Amino acid sequence: MSAVRKKGWREIPKGGLILEAGSAEQYDTGSWRSQRPVRDEQKCTHCMICWIYCPDSSILVEDGKMIGFDYKHCKGCGICAAECPTKAIEMRDENEFREKEGV
(Lines give C-alpha, C1' and ligand atoms only; values in the text may rest on other atoms or scores of the structure.)
Protein backbone atom coordinates (compact mmCIF):
# COMPACT_ATOMS: atom_id res chain seq x y z
CA MET A 1 0.00 0.00 0.00
CA SER A 2 1.52 3.32 -1.04
CA ALA A 3 1.41 6.25 1.30
CA VAL A 4 -0.66 9.15 0.01
CA ARG A 5 0.48 12.50 1.30
CA LYS A 6 -2.39 14.86 2.01
CA LYS A 7 -1.74 18.52 1.46
CA GLY A 8 -1.89 20.68 4.53
CA TRP A 9 -3.72 23.98 4.55
CA ARG A 10 -0.42 25.86 4.29
CA GLU A 11 0.19 24.29 0.87
CA ILE A 12 -3.10 25.46 -0.61
CA PRO A 13 -2.67 28.60 -2.73
CA LYS A 14 -4.11 31.81 -1.29
CA GLY A 15 -7.69 32.08 -2.50
CA GLY A 16 -7.99 28.30 -2.88
CA LEU A 17 -8.65 27.30 -6.47
CA ILE A 18 -9.52 30.79 -7.63
CA LEU A 19 -6.10 32.04 -8.69
CA GLU A 20 -6.80 35.18 -10.71
CA ALA A 21 -9.17 38.08 -10.21
CA GLY A 22 -12.56 37.67 -11.84
CA SER A 23 -12.27 33.92 -12.29
CA ALA A 24 -14.93 32.97 -9.72
CA GLU A 25 -17.56 33.05 -12.47
CA GLN A 26 -16.17 29.72 -13.69
CA TYR A 27 -17.18 28.00 -10.45
CA ASP A 28 -20.72 27.08 -9.41
CA THR A 29 -20.66 28.19 -5.78
CA GLY A 30 -24.41 28.08 -5.13
CA SER A 31 -24.16 24.60 -3.61
CA TRP A 32 -22.76 26.24 -0.46
CA ARG A 33 -26.11 27.86 0.21
CA SER A 34 -28.30 26.86 3.18
CA GLN A 35 -30.83 29.65 2.60
CA ARG A 36 -32.26 30.73 -0.77
CA PRO A 37 -33.66 34.16 -1.64
CA VAL A 38 -37.20 34.08 -3.05
CA ARG A 39 -38.77 37.20 -4.58
CA ASP A 40 -42.42 38.19 -4.27
CA GLU A 41 -43.08 39.72 -7.70
CA GLN A 42 -46.11 41.64 -6.36
CA LYS A 43 -44.00 43.49 -3.76
CA CYS A 44 -40.93 44.10 -5.96
CA THR A 45 -40.66 47.69 -7.21
CA HIS A 46 -37.46 47.03 -9.23
CA CYS A 47 -35.56 49.62 -7.20
CA MET A 48 -32.37 47.58 -7.78
CA ILE A 49 -31.12 47.99 -4.21
CA CYS A 50 -30.69 44.20 -4.06
CA TRP A 51 -28.48 44.39 -7.17
CA ILE A 52 -26.34 47.15 -5.62
CA TYR A 53 -25.71 45.20 -2.41
CA CYS A 54 -25.34 41.63 -3.77
CA PRO A 55 -21.68 40.63 -3.23
CA ASP A 56 -21.95 37.75 -5.73
CA SER A 57 -23.57 39.60 -8.66
CA SER A 58 -26.40 37.07 -8.44
CA ILE A 59 -29.28 39.43 -9.14
CA LEU A 60 -30.52 38.92 -12.70
CA VAL A 61 -31.58 42.09 -14.49
CA GLU A 62 -33.29 42.62 -17.83
CA ASP A 63 -34.37 45.99 -19.23
CA GLY A 64 -33.63 47.66 -15.90
CA LYS A 65 -35.84 45.26 -13.91
CA MET A 66 -34.95 42.54 -11.46
CA ILE A 67 -36.05 39.24 -13.02
CA GLY A 68 -34.62 36.68 -10.61
CA PHE A 69 -31.50 35.19 -9.06
CA ASP A 70 -28.45 33.39 -10.42
CA TYR A 71 -28.66 30.41 -8.09
CA LYS A 72 -25.44 28.90 -9.50
CA HIS A 73 -23.49 31.69 -7.80
CA CYS A 74 -25.78 32.91 -5.00
CA LYS A 75 -24.37 31.81 -1.65
CA GLY A 76 -27.51 32.67 0.32
CA CYS A 77 -26.00 35.43 2.45
CA GLY A 78 -29.36 37.22 2.77
CA ILE A 79 -28.02 40.72 2.14
CA CYS A 80 -30.55 41.23 -0.66
CA ALA A 81 -33.44 40.36 1.67
CA ALA A 82 -32.09 42.55 4.47
CA GLU A 83 -31.66 45.57 2.18
CA CYS A 84 -34.94 45.26 0.23
CA PRO A 85 -37.07 48.27 1.27
CA THR A 86 -40.36 46.57 0.33
CA LYS A 87 -39.47 43.20 1.91
CA ALA A 88 -40.03 41.56 -1.49
CA ILE A 89 -37.22 39.06 -0.88
CA GLU A 90 -37.55 36.31 1.71
CA MET A 91 -34.86 33.83 2.70
CA ARG A 92 -36.12 30.24 2.68
CA ASP A 93 -34.49 26.94 3.67
CA GLU A 94 -32.55 25.51 0.72
CA ASN A 95 -33.55 21.93 1.63
CA GLU A 96 -37.13 22.77 0.69
CA PHE A 97 -36.00 23.40 -2.89
CA ARG A 98 -33.52 20.53 -3.09
CA GLU A 99 -36.30 18.07 -2.27
CA LYS A 100 -38.57 19.62 -4.96
CA GLU A 101 -35.77 19.69 -7.54
CA GLY A 102 -34.60 16.16 -6.69
CA VAL A 103 -31.07 17.24 -5.81
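The values are calculated or read from the model by the stated rules, or taken from the named source; none is laboratory data. The structure presented is a predicted model; accordingly, all values stated were derived computationally and were not measured. Backbone-built Cβ (ideal geometry, glycine too); neighbour counts: all protein chains shown.
Is it fair to say P55 is at pLDDT below 95 and within 15 Å of the chain's Cα centre (by Cα)? Taking the combined requirement at face value, the residue satisfies it.
Of all residues in the range 78-103 being free of Cβ contacts under 8 Å to residues at least 12 places away in the same chain and assigned to a loop (DSSP other than H, G, I, E, B), which is farthest from D28 (Cα to Cα)? Among residues in the range 78-103 that are free of Cβ contacts under 8 Å to residues at least 12 places away in the same chain and assigned to a loop (DSSP other than H, G, I, E, B), the one farthest from D28 (Cα to Cα) is G102. Being under 19 Å from the mean Cα position of the chain (by Cα) and either at pLDDT 90 or above or under 21 Å from E101 (Cβ atoms) (or both), is that true of even one residue in the range 11-18? No, there is no match, as no residue in the range 11-18 is under 19 Å from the mean Cα position of the chain (by Cα) and either at pLDDT 90 or above or under 21 Å from E101 (Cβ atoms) (or both).
None of E90, E99 is at pLDDT below 95, under 15 Å from S34 (Cβ atoms), surrounded by fewer than 17 Cβ atoms within 10 Å (Cβ to Cβ) and acidic (D, E) except E99.
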